[in-house]
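A quick write-up on the structure given underneath.
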Amino acid sequence: MSTLTPDHTIPTPGDHLRHAERIALLERVWANGRGLVGQLTAVNHTTIALRFIVTGLVFLLIGGMLSMFIRLQLSWPGLNVLDPERYAQFVTMHGTTMMFLFAVPIMEGFAMYLIPKMLGTRDLPFPRLSAFGWWCYLFGGIFLYSSFIFGSVPDGGWFMYTPLTDSTYSPGKGADFWLIGVTFAEIAAVTAAVELIVAILVTRAPGMDLTRMPLFAWAVLVTAFMIAFGFPPLILASLLLEIQRAFDFAFFEVARGGDPLLWQHLFWLFGHPEVYIIFLPAAGVVSTIVPTFARRPIVGYTWVVLALVATGFLSFGLWVHHMFAVGIPLLALAFFSAASMAVAIPTGIQIFAWIATLWAGKPWLRVPMLYIIGFFITFVCGGLTGVMLAFVPFDWQAHDTHFVVAHLHYVLIGGMMFPMFAGLYYWLPLASGRMPSESLSRSGFWLVFIGFHLAFLPMHITGLVGMPRRVDSYAMELGVQWLNLLSTAAGFVLAVGIVAILIDVALCFRLGRRGTENPWQAGTLEWALPHPAPKYNFASIPVVDDRNPLWHDPGVVEATRRTDGLLGEAVDGRRWIIGTGIQSAQPEQAIRLSNSTWLPLFAALTIAVLLGGFITSQYWLSILMLLPLIGLFLRWLWTVNGRETPLEIEVAPGLRLPTQALARNAPGWWALVGTLMIVGSLFASLVFAYFYLWLNAPAWPGGGATLTASTPMLAALGALLAAGVGAWRMPIALRAGHTRAAVIWSAFAILSAIACLALQLPAIADAVGAPQRHAYGSVVWTLAGFQALHIAVAVLIAGFVALRIHHGHVDAVRSLEARIATGFWRYVVAQGLIVWALLHLFPRFA
Amino acid sequence: MSAMLPIGLTRMSMPLVVWALHFVVVYSLQGLACARALWRAPVAGLETMTWVLWALTLLALGVIALFGASALRAWRIARAQTDGRTETSRLRFLTALSALVALIAAIGVAFTALPVALLPTCA
Ligand SMILES: [Cu+2]
């Protein structure tokens, strides 16, 4: 890579010898290992992000191929390209692939690639977590597709509605492949959410305060929060359904007090925000490209941020609009109908900001801009049919017809795929160092644009006429066969277009014209990098004083390539980045990152074996795998920051910063906050399930079993509080320098927590009996198990920190790990109190 | 406001948190009314539940208005300062954003509550 990079640097006088040395050191420290081993152990964000993007594109091709079969089947009534069973499988896998294996991961890939480069730093704060996420995504995708080998492909639709997917109506392993594979792949989404939140909050370049943050970073920040709150309901739903299928619990089974609609609520509680989880990063791409090609800063920066934040919230209030036809009281439907229309306001604000920017600037029509125009046209159409569908009576009319298929493809392809291609072409010169061919890429665009509209526009009509979706054929009497034939033919044009684009992009890396730097004359920081970007990104961390630093002060390019700025000298041969204040972006801490390592790959592989054991009902294997898994994660945590890490380092001549183990805004602390948001949302979904089942069950608790407060229960409560006291005293003792007392308080917390479980679980078993008897027992046991799992993790953490204190890695000064442990314990105690009240007090009043 | 980190971003999103709470509470109470006949007795010509939902809406709007007013006040002060410091421009941005967020949240609450005026609790 270094041979490709021309050296533009002008070192300060007398410094030129040191400069070459420093660059060589940076190259060495940040390089991945050699050969295959180097690839397997890589954790660098550029490497991992490009993998996310390439893997996402491969899944786009696979999912697209499935859709070609679907279109062939529908091209004329009564065809038999796919028998009904295969058709259901292909429809399921097409939707699942596009949503979970293409749209979300590829946007994560864009975010992981761009965020550090746009923010002016060298890597994401948790490189091993990024690598782990990618392996989980890859193995999860392979897991899902291995169902083809075993001949039990999921066929319940990408929405997996119960009871269609329970063990009565989907006996084989198909649904299990879906539930386990998708949940496995989703690990990547939640880890990326934590990673990106922390990156955007604390690793921005000095001077890049909140008002100067690129809009793409705002979009990714909001998206990451949405993932943290939006994915857990789906993960919980998948867990509940898998538990029901594997162990015969009764969450969704009416005969035993369950409710199949619970699945739909949890699924769409995720499913609607999901649309915006995909759309917001794409909107961030648009907000980046539009100013560049309008050659002026965006109009209404504050308004766009407002729109992003508002969309992030409001999109959670719409989930029931996917359930207008299931028989919910009219007033409830009206709430969701209203909220569905309200969310059009922030989207409209963004669209007006983009148009105003183009209006006020001097637009320049290059290929990325072409895709943006395609996006405008397509997305606005999709938005309009969306507002139509938000009206309950219209929705009843068009429900489950191809009108909805047309709408959702207009929104998703228009809102996500066009901006994604725009971004692909826009940042291609940065990644490849070469320019894409203008003529080939324009033809690709027109094939996609024309193919798409000819394929999906007719579906509005076929849907309104009454052609049902999710069905493998339709009656000749509907008279829609010619429109369908047109859709199929155009679908193939679209497919050819996508393949042409991907070939174009791939060829660009080999054959493209060697580009000039910053070919679009953009203003954001990533374009200050040499093309292709080196693994360490910036030779010196830039200092920023404008939203478009490159337009405001072109000198920033040269400054970042010299090695006499921030972190120009690679300290102690390790990977370092700078942490800055959340609002002010003043330098606060030096953060040491991990080098290449096998840990992420091994951890993901262990999980794969564990899940493989589960799906084949070899539970002993799954339980056995817990040991290496816990071992790997403990090893992972053990190697974060030990006593060998310096307390402070010199990041520039005269500027010394404390390292993260001492800093208030340490990445580890914010990772805990992010993780607890995810865990809390998972817990809230479970509590929702409890109340939902209570509200809708004819008899509750079923079978006369009731759990109310009694003496052992009160003792369990006392033990929980005692554990809280231990966890609270531990860091206080540590900070006072009493390391022995800190270890003892940890042990006290551990023993109290174990006592709490030992008192509570037998009492529940006595009062409630087996979880299989009734949905009440199922949900009570799940709540208790959820809490027990958290106590187990808290116990592990307390033991780990006690061991670290004992070995001198954690002490009165390096107290970050103790702070994190106590934070987690606080959460576990609070959650335990809620679980306790829910299990033992609520039945008294219900 | 700018001195207290990270109060800025948290304070900024509070009105939308109020919107979310209002949404959840209104939706849940409506569910309880229909499934468990909670507060269905008529009072002054309307179901008690309708009155409760109205009261909650007014409460939510009131809280949002408080947030909005304080943001607006802070924005006016920040706008009046012309010292050109980064902190001032950051404060101006955050206060303007907070005021706008409050506005959007108020519209959201009003939009959500509108059906209460048009429909009976259970139909
Ligand atoms: Cu939706």
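The values are calculated or read from the model by the stated rules, or taken from the named source; none is laboratory data. What you see is a predicted model; the values in this text were computed from it and never measured. All Cβ positions, glycine included, derive from the backbone under ideal geometry; neighbour counts span all protein chains shown. Just so you know, the surface numbers come from the protein's heavy atoms only, side chains and all, with ligands and any DNA or RNA stripped out. Shrake-Rupley method; radii C 1.70, N 1.55, O 1.52, S 1.80 Å.
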Given the structure, is residue B:53 within 30 Å of residue A:543 (Cα to Cα), assigned to a helix (DSSP H, G or I) and within 11 Å of another protein chain (Cβ to nearest Cβ)? no
Does residue A:767 satisfy being under 36 Å from the mean Cα position of the chain (by Cα), surrounded by 18 or more Cβ atoms within 10 Å (Cβ to Cβ) and not hydroxyl-bearing (Ser, Thr, Tyr)? no
Since residue A:243 meets every condition but one in (1) under 27 Å from residue A:217 (Cβ atoms); (2) more than 12 Å from chain B (Cβ to nearest Cβ); (3) more than 16 Å from the ligand (Cβ to nearest atom); (4) in a helix (DSSP H, G or I), which condition does it not meet? (1)
Contact list, first residue from region B:3-23 and more than 9 Å from every other protein chain (Cβ to nearest Cβ), second anywhere and at pLDDT 90 or above and surrounded by fewer than 17 Cβ atoms within 10 Å (Cβ to Cβ), beta-carbon distance below 6 Å, six or more apart or interchain, is none
Over region A:301-340, the set of residues at the interface with chain B (Cβ under 8 Å from one of its Cβ atoms) and closer than 22 Å to residue B:50 by Cβ is A:317, A:329, A:330, A:331, A:332, A:334, A:335, A:337, A:338, A:339
What pairs come out if I take residues in region B:89-102 that are free of Cβ contacts under 8 Å to residues at least 40 places away in the same chain and pair them with residues that are part of a helix (DSSP H, G or I) and aromatic (Phe, Trp, Tyr) whose C-beta lies under 9 Å away, six or more apart or interchain? B:92/B:75; B:93/A:301; B:96/B:75; B:99/B:67; B:99/B:75; B:100/A:303
Of all helices (runs of 4 or more DSSP H) completely enclosed by region A:283-377, which ones contain at least 3 residues that are within 16 Å of the ligand (Cβ to nearest atom), touching a helix residue (DSSP H, G or I) at 6+ places or on another chain (Cβ under 6 Å) and over 30 Å from residue A:440 (Cα atoms)? A:301-314, A:330-342
Region A:259-270, subset more than 13 Å from the ligand (Cβ to nearest atom) and open to solvent by 10 Å² or more (accessible area, probe 1.4 Å), residue farthest from residue A:692 (Cα to Cα): A:260
Given the conditions (1) touching a Lys or Arg at 6+ places or on another chain (Cβ under 9 Å); (2) surrounded by fewer than 18 Cβ atoms within 10 Å (Cβ to Cβ); (3) not small (Gly, Ala, Ser), report the number of the one that residue A:18 does not fulfil. (1)
Among the listed residues A:138, A:196, A:164, which satisfies the condition of being under 16 Å from the mean Cα position of the chain (by Cα), surrounded by fewer than 24 Cβ atoms within 10 Å (Cβ to Cβ) and not β-branched (Val, Ile, Thr)? A:138
If you go through region B:71-84 one residue at a time, do you hit one that is surrounded by fewer than 21 Cβ atoms within 10 Å (Cβ to Cβ), at negative phi and facing chain A (nearest Cβ under 8 Å)? no
crowded, with 19+ Cβ neighbours inside 10 Å, in a helix (DSSP H, G or I) and polar (S, T, N, Q) - does that describe any residue in region A:740-756? yes
Between A:59, A:52, which is closer than 20 Å to residue A:93 by Cβ and of a type in the set (Phe, Trp, Tyr)? A:59
Of everything in region A:141-152, what is open to solvent by less than 10 Å² (accessible area, probe 1.4 Å) and of a type in the set (A, V, I, L, M, F, W, C)? Give them in sequence order. A:144
So residue A:235 ticks every box in (1) within 14 Å of the ligand (Cβ to nearest atom); (2) open to solvent by 10 Å² or more (accessible area, probe 1.4 Å) but one. Which box is left unticked? (1)
Going by the structure shown, is residue A:714 hydrophobic (A, V, I, L, M, F, W, C), buried (at least 19 other Cβ atoms within 10 Å of the Cβ), away from chain B (no Cβ under 14 Å) and farther than 30 Å from residue A:196 by Cβ? no
Go through (1) closer than 19 Å to residue B:119 by Cβ; (2) of a type in the set (A, V, I, L, M, F, W, C); (3) open to solvent by less than 70 Å² (accessible area, probe 1.4 Å); (4) more than 14 Å from chain A (Cβ to nearest Cβ) one by one and return the number of the condition residue B:65 breaks. (1)
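Here is a yes/no grid of residues against (1) β-branched (Val, Ile, Thr); (2) within 19 Å of the chain's Cα centre (by Cα):
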position: B:41; (1), (2): no, no
position: B:67; (1), (2): no, yes
position: B:79; (1), (2): no, no
position: B:104; (1), (2): yes, yes
position: B:121; (1), (2): yes, no
Considering only region A:271-278, I want to know if a residue exists there that is within 12 Å of the ligand (Cβ to nearest atom), over 26 Å from the mean Cα position of the chain (by Cα) and not basic (Lys, Arg). no
Selection status of residue A:606, closer than 30 Å to residue A:299 by Cβ, among the hydroxyl-bearing types (Ser, Thr, Tyr) and without any contact (Cβ under 8 Å) to a residue 40 or more places away in the chain: no
Among the residues of region B:89-102, are any surrounded by fewer than 20 Cβ atoms within 10 Å (Cβ to Cβ) and more than 9 Å from every other protein chain (Cβ to nearest Cβ)? no
Within the set of pairs 6+ apart or on separate chains, which have a first residue in region A:510-537 that is of a type in the set (Ser, Thr, Tyr), a second that is in a loop (DSSP other than H, G, I, E, B) and open to solvent by 10 Å² or more (accessible area, probe 1.4 Å), and C-beta atoms under 6 Å apart? A:524/A:214
Among A:120, A:172, which is the only one that is out of contact with any helix residue (DSSP H, G or I) (no Cβ under 8 Å at 6 or more places or on another chain) and modelled with pLDDT under 95? A:172
